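Visitor: Below you'll find the structure I mean.
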């Protein structure tokens, strides 16, 4: 590693730490954050207007993303030879300031091997090998999750987990494709326009720096044609009537069958602090799985839709959708042995897979920098 002067923290090092924070995952790649570089650290702010999706109940998706960004910055600070002390919500929950990360020189660098994993970490929507993820790997992931207070990783332990969990994902996805607001939001954040070929990333137009390229869905030619044909809600509504709208829920169910395992991260109580901590735990798990050669895909519909019913009741859902979500939640609770009192906030599948062919992109670092006085 290149030697640095530890008596001061250069702007270049702080910018690199922020750049790795921006590499963190966020729901639909909305990047709901801003950063302020200070003399001895970095402050992370949440942009509570960035994600207006129905999934982002009480900012849970954005707070998870902020937790993941914090974890990446902590990792990168350690790689650069600094100790990172994180203070969550210094001004109280509900404010824009999510965390202040104070950096002090450390005796040695740490986590150098995780730097590559942070760069390679991605959402992989391909079908995976069905070879089970070893129990020791799950146990290691559970241990790293429990470093965050009131946070728990649960995973499939019984042999016959595929059929019930695939059915639970199918039911939740049926609710997702049955909502006009969620359908139109998905179509809004997808880039149907091809990314210019041969263009350097630094020259990429801003329109491609949030949201997702269509090919990032890894649905193949027929899947791309299907998504293009379903852009209008009126078309999807007719397709659902004739059964063609089942394609997306069936694809989700099949992806559970074709995976090496299912994990669920839960918190003991719903506070903004706990959700941010869960986001940090999620990123640690994701980076560790990436380092070990596994792919990961979030399965957002089941935890986030059931979380909305927990936080805000069922008034936003039809009776049919309520019934499906209740059944999906019961299946997941039973199959993953979710303890009483714990709230699921993030579900994922993992396994061995070919690499993705189309990544997502991030905003430029300078686009996300603010001064403390601007907030």
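The values are calculated or read from the model by the stated rules, or taken from the named source; none is laboratory data. Here the structure is a predicted model, which is why all the values come from computation and not from measurement. Don't worry about glycine lacking a Cβ; one is built from the backbone with ideal geometry, like all the others, and counts go over all protein chains shown.
Visitor: Filter the stretch 209-238 down to the residues that are over 30 Å from residue 130 (Cα atoms) and surrounded by 18 or more Cβ atoms within 10 Å (Cβ to Cβ) and list them by number.
Guide: Selection gives 210, 230, 236.
Visitor: Find the residue count for the stretch 38-48, including only residues that are surrounded by fewer than 19 Cβ atoms within 10 Å (Cβ to Cβ) and at pLDDT 95 or above.
Guide: First, the residues of the stretch 38-48 that are surrounded by fewer than 19 Cβ atoms within 10 Å (Cβ to Cβ): 38-40, 47-48.
Among the residues that remain, those that are also at pLDDT 95 or above are: 47-48.
Summing the residues that are surrounded by fewer than 19 Cβ atoms within 10 Å (Cβ to Cβ) and at pLDDT 95 or above in the stretch 38-48 gives 2.
Visitor: I need the full set of residues from the stretch 141-162 which are surrounded by 13 or more Cβ atoms within 10 Å (Cβ to Cβ) and farther than 30 Å from residue 86 by Cα, in order please.
Guide: Correct list: 156, 161, 162.
Visitor: In this structure, is residue 255 touching a strand residue (DSSP E or B) at 6+ places or on another chain (Cβ under 7 Å) and not assigned by TED's automatic domain parsing to the domain that holds residue 97?
Guide: Numbers: touching a strand residue (DSSP E or B) at 6+ places or on another chain (Cβ under 7 Å): yes; not assigned by TED's automatic domain parsing to the domain that holds residue 97: yes.
Here the answer is yes, as residue 255 does meet what is asked.
Visitor: A further question on this structure: Determine, yes or no, whether residue 290 is in a helix (DSSP H, G or I), under 16 Å from the mean Cα position of the chain (by Cα) and surrounded by fewer than 22 Cβ atoms within 10 Å (Cβ to Cβ). Explain how you work it out, then say what you get.
Guide: On the way: in a helix (DSSP H, G or I): yes; under 16 Å from the mean Cα position of the chain (by Cα): yes; surrounded by fewer than 22 Cβ atoms within 10 Å (Cβ to Cβ): yes.
So residue 290 passes the test.
Visitor: Which condition from (1) within 30 Å of residue 247 (Cβ to Cβ); (2) touching a helix residue (DSSP H, G or I) at 6+ places or on another chain (Cβ under 8 Å); (3) modelled with pLDDT of 95 or more; (4) assigned to a loop (DSSP other than H, G, I, E, B) is the one that residue 174 breaks?
Guide: With (1) within 30 Å of residue 247 (Cβ to Cβ); (2) touching a helix residue (DSSP H, G or I) at 6+ places or on another chain (Cβ under 8 Å); (3) modelled with pLDDT of 95 or more; (4) assigned to a loop (DSSP other than H, G, I, E, B) applied to residue 174, the lone miss is (4).
Visitor: Hey, residue 294 hits all of (1) at pLDDT below 95; (2) touching a strand residue (DSSP E or B) at 6+ places or on another chain (Cβ under 8 Å) but one; which does it fall short on?
Guide: (1)
Visitor: Out of all the residues in the stretch 310-322, is one or more farther than 18 Å from residue 124 by Cβ, within 19 Å of the chain's Cα centre (by Cα), buried (at least 20 other Cβ atoms within 10 Å of the Cβ) and assigned by TED's automatic domain parsing to the domain that holds residue 164? Talk me through it step by step, then tell me what you get.
Guide: Start the filter on the stretch 310-322 by keeping residues that are farther than 18 Å from residue 124 by Cβ, which leaves 310-322.
Imposing the further condition that a residue be within 19 Å of the chain's Cα centre (by Cα) reduces the set to none.
No, because not a single residue in the stretch 310-322 is farther than 18 Å from residue 124 by Cβ, within 19 Å of the chain's Cα centre (by Cα), buried (at least 20 other Cβ atoms within 10 Å of the Cβ) and assigned by TED's automatic domain parsing to the domain that holds residue 164.
Visitor: Now for a different question. Output the residues belonging to the stretch 17-52 that are over 15 Å from residue 366 (Cβ atoms), in contact with a strand residue (DSSP E or B) (Cβ under 7 Å, 6 or more places away or on another chain) and assigned to a strand (DSSP E or B).
Guide: The answer is 41, 43, 44, 45, 46.
Visitor: I would also like to ask the following. Scan the stretch 146-168 for residues that are in contact with a strand residue (DSSP E or B) (Cβ under 8 Å, 6 or more places away or on another chain) and assigned to a helix (DSSP H, G or I) and jot them down. So that I can check it myself, show each step before the final result.
Guide: Within the stretch 146-168, the first condition is being in contact with a strand residue (DSSP E or B) (Cβ under 8 Å, 6 or more places away or on another chain), and the residues that meet it are 146, 150-156, 161, 165.
Correct list: 165 only.
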